[in-house]
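The values are calculated or read from the model by the stated rules, or taken from the named source; none is laboratory data. Since the model is a prediction, treat every value here as computed from it, not as a measurement. Every residue, glycine as well, gets a Cβ built from its backbone with ideal geometry; the counts of neighbours run over all protein chains shown.
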Amino acid sequence: MAPADQTRKAQTRQAMPDDTASRLLAWYDVHHRELPWRVSPREHASGVRPDPYRIWLSEVMLQQTTVEAVKSYFRAFVEKWPDVEALAAAPTEDVMKAWAGLGYYSRARNLKACADLVAARGGRFPDTEAGLRDLPGIGAYTSAAITAIAFDRPAAVVDGNVERVISRLFSITTPLSEAKAEIRAHVEAMVPAARPGDFAQAMMDLGATICTPRRPRCMLCPLRENCSAVVSGDPENFPVRLPKADKPQRRGAAFVAMREDGAILLRKRPEKGLLGGMTEVPTTAWTARVDGATTQAAAPFPGDWRSAGTITHVFTHFALELEVFHAHIKGDAPAGHFWSHAQEISGEALPTVMKKAIEAAIPGATKKQRPH
Ligand code: SF4
């Protein structure tokens with residue numbers, strides 16, 4: 001560790017009374033969330049150890065996705081693929097289909113690549129941050145989370161919840177985007193030698209259930225006596241954020257073609273790039289130009305195209321507005337396209353934006369349909 005880091009660590013130790021971790025762990029023992037991938041503190045104390053496969057899977061799913069949205073996907077994955085070898089043996093296509101709707105699809109491709117590698121190496125995940133970071137799709141945050149939670153080793157696990165708690169505990173006035181190192185140093189100084197995995201999960205739970213973005217429940221907080229923001233009277237002022245720039249807007253058109261029997265015409269997106277390898281209805285290019293080709297005149301093949309309205313979807317770097325057109329088409333699928341039967345649509349690897357487009361044209365089409 002660099003001398004400056006050591007000094008900072010020593011300073012943060014002085015600033016934070018030593019009972020922070022023990023207060024937090026005592027609160028966690030009683031108030032922890034029940035999560036399908038989690039070993040509870042009681043189970044942990046009785047010797048149950050987390051399965052690194054389940055912790056890894058949940059942490060990859062939780063990148064950019066909420067706990068509530070992840071739960072059902074996690075259960076479906078572990079039911080289908082109970083261990084890393086089973087996931088490695090699955091066709092990539094099936095994994096992409098099971099992932100459809102969770103968003104940020106490069107995560108699914110990395111998930112599969114990581115499973116392949118770990119299975120080829122004997123099925124054991126590395127138990128250090130450095131070893132984990134060498135695997136596809138595992139960055140600084142995820143490696144720290146797996147190290148702490150799966151292997152109960154000290155690691156500074158800093159997600160958005162933890163950033164908020166620390167910003168408030170220490171009334172950090174530096175804008176969040178520039179305060180990352182400062183926050184990390186505080187967390188490093190707080191991680192206890194005993195139960196570092198439970199400590200990491202306790203911090204997350206505190207941020208998710210008590211120290212919430214709006215109206216934190218300070219009266220119920222185990223760290224109230226250690227918190228400088230609560231003294232200021234308005235903890236919501238932390239973390240300090242710079243004003244957000246508006247997202248650029250792009251436009252395009254989507255074409256939902258249906259056959260007489262209800263099948264919908266689909267194609268696969270290129271492997272590389274946004275939504276790579278996922279399935280879509282034919283669309284125009286998504287352009288920032290207001291005069292872009294976004295009318296039925298841009299349809300990839302002739303048909304009785306009628307407007308089915310407009311849908312919007314917000315990606316990380318831009319907001320998309322798609323004009324949706326609907327037509328009935330007869331005959332074979334054009335080159336590069338395929339017909340997906342009405343009963344199969346819900347199982348296709350359709351990202352949310354494409355489900356929205358199909359639903360605009362044919363309400364209910366992407367929901368699971370019972371065979372007649
Ligand atoms: S006292 Fe309030 S602001 Fe401070 S950590 Fe607890 S919930 Fe957050």
Report task. Among residues belonging to segment 192-207 that are assigned to a loop (DSSP other than H, G, I, E, B) and in contact (Cβ under 8 Å) with a residue 60 or more places away in the chain, point out the one that is nearest to the ligand (Cβ to nearest atom). Result -> P192
Query - Single condition E34 does not satisfy, out of (1) among the charged types (D, E, K, R); (2) over 30 Å from L135 (Cα atoms); (3) modelled with pLDDT of 95 or more; (4) surrounded by fewer than 13 Cβ atoms within 10 Å (Cβ to Cβ) - result: (2)
Report task. Working only within segment 321-340, note down all residues that are of a type outside the set (G, A, S) and either assigned to a loop (DSSP other than H, G, I, E, B) or buried (at least 21 other Cβ atoms within 10 Å of the Cβ) (or both). Result -> L322, E323, V324, F325, H326, I329, K330, D332, P334
Query raised in the report: Which helices (runs of 4 or more DSSP H) does segment 40-156 wholly contain that include 2 or more residues that are surrounded by 20 or more Cβ atoms within 10 Å (Cβ to Cβ) and of a type in the set (A, V, I, L, M, F, W, C)?
Result: 52-62, 67-80, 84-89, 92-99, 106-120, 140-151
Requested in this report: Output yes when any residue across segment 179-191 is of a type in the set (D, E), over 30 Å from H313 (Cα atoms) and either within 15 Å of the ligand (Cβ to nearest atom) or assigned to a helix (DSSP H, G or I) (or both), and no when none is.
Outcome: yes
Report summary line: Quick count over segment 18-31, residues being surrounded by fewer than 16 Cβ atoms within 10 Å (Cβ to Cβ) and among the hydrophobic types (A, V, I, L, M, F, W, C), is 2
**Report entry** Residues of segment 223-243 satisfying the condition of being surrounded by fewer than 21 Cβ atoms within 10 Å (Cβ to Cβ) and either among the hydroxyl-bearing types (S, T, Y) or out of contact with any Pro (no Cβ under 9 Å at 6 or more places or on another chain) (or both)
**Finding:** R224, S228, V231, S232, G233, D234, N237, P243
Query - Residues that are assigned to a loop (DSSP other than H, G, I, E, B), within 16 Å of the ligand (Cβ to nearest atom) and within 30 Å of V48 (Cβ to Cβ), drawn from segment 157-178 - result: V158, D159
Query raised in the report: So, in segment 208-260, of the ones that are within 16 Å of the ligand (Cβ to nearest atom) and among the β-branched types (V, I, T), which residue ends up modelled with the lowest pLDDT?
Result: V231
Query raised in the report: For segment 285-316, how many residues meet the condition of being part of a loop (DSSP other than H, G, I, E, B), modelled with pLDDT of 90 or more and touching a Leu at 6+ places or on another chain (Cβ under 9 Å)?
Result: 1
Query - Residue under evaluation F170, criteria (1) buried (at least 17 other Cβ atoms within 10 Å of the Cβ); (2) under 30 Å from K97 (Cα atoms), criterion not met - result: (2)
**Report entry** Where a residue in segment 329-355 is farther than 19 Å from G276 by Cβ and in contact (Cβ under 8 Å) with a residue 24 or more places away in the chain and its partner, wherever it lies, is of a type in the set (S, T, Y) and assigned to a loop (DSSP other than H, G, I, E, B), with Cβ under 6 Å and at least six apart
**Finding:** I345/T366
